[in-house]
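What follows is one structure encoded as structure tokens, with my remarks underneath.
The values are calculated or read from the model by the stated rules, or taken from the named source; none is laboratory data. What you see is a predicted model; the values in this text were computed from it and never measured. Every residue, glycine among them, receives a Cβ derived from its backbone with ideal geometry; neighbour counts consider all protein chains shown. Protein only, heavy atoms only, side chains kept; ligands, DNA and RNA dropped before computing areas. Shrake-Rupley method; radii C 1.70, N 1.55, O 1.52, S 1.80 Å.
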Amino acid sequence: KTTTMVTMAVANLFEAKNVLFITHEGRKEDIIDKLWCCATIRTKGELISLYRTDEQLFLGASYFFKEHLTYMAINDPEQMYVENIARIIERKQHEKIAATGKGYDLLVVDYPAKLQAEQSNKVQMQYRQAEHYVYNYFVQLALKHKFHALLAIQTNREASKNTRHQG
């Protein structure tokens, strides 16, 4: 799931698209490593060797990543509400437009099923209803800002994995 999200984000970066990538599980350092490995088509060990021999490549790539990629690991239980994440996305979108004149082309949210809905605190929602609410929240945000949203929802660790794309 995460590897697919990383691959899609990097493919868009190679097209000079602006990407906002948000994860809700895992270590930030591991995701950054995956982004670099995908972008350079190298294993982590090969990446380290490459860095030691061609530091200029990394300086150029770092600039490109910084220009087009915003990565956020949001794992704090206090922030794990779709409404909070949406406010963060809105703020980041406005900041990107103010800085570059153009917003994000792609929003990648790895594992939005970890999110809850403030609405579910007011109204009793079953798990599937809450998941549907969260997913649709991101779809509406994508429609509002005219960017694509790539959301990975995993039903459980053993069963099938579904990747949904909406924009």
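Figures for the structure shown
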{"read-out": "Surface share of carbon and sulfur [accessible, 1.4 angstrom probe, percent] for region 1-126", "value": "52"}
{"read-out": "Accessible surface, the chain, averaged per residue in Å² (probe 1.4 Å)", "value": "57"}
{"read-out": "Ellipticity estimate at 222 nm from DSSP helix runs (n ≥ 4, -39,500 (n - 2.57)) divided over the chain, nearest 500", "value": "-17500 deg cm²/dmol"}
{"read-out": "Restraint check, K66/K96; K102/K144; K92/K146; K17/K44; K1/K92; K1/K102, Cα-Cα greater than 19 Å", "value": "K17/K44; K1/K92; K1/K102"}
{"read-out": "Contact order normalised by residue count of the chain, Cα under 8 Å, 6+ apart, percent", "value": "27"}
{"read-out": "R0 of 35 Å, Cβ-Cβ distance D76-R52: FRET efficiency to nearest 0.05", "value": "0.50"}
{"read-out": "Distance in nm between pseudo-label sites at T40 and Y63 (7 Å out along the Cβ direction from Cα)", "value": "1.8"}
{"read-out": "Rounded to the nearest 20 debye, dipole of the chain from Cβ charges on Lys, Arg, Asp, Glu", "value": "320"}
{"read-out": "Label-point separation in nm, K1 to E25, each point 7 Å along Cα→Cβ", "value": "0.5"}
{"read-out": "Beta bridge orientation in the chain: antiparallel %, DSSP, nearest 5", "value": "25"}
{"read-out": "Separation in nanometres of the label points that stand 7 Å from Cα toward Cβ, at Q140 and R87", "value": "1.6"}
{"read-out": "Amide H partners (placed H, <5 Å) of Y111, local residues excluded", "value": "A152"}
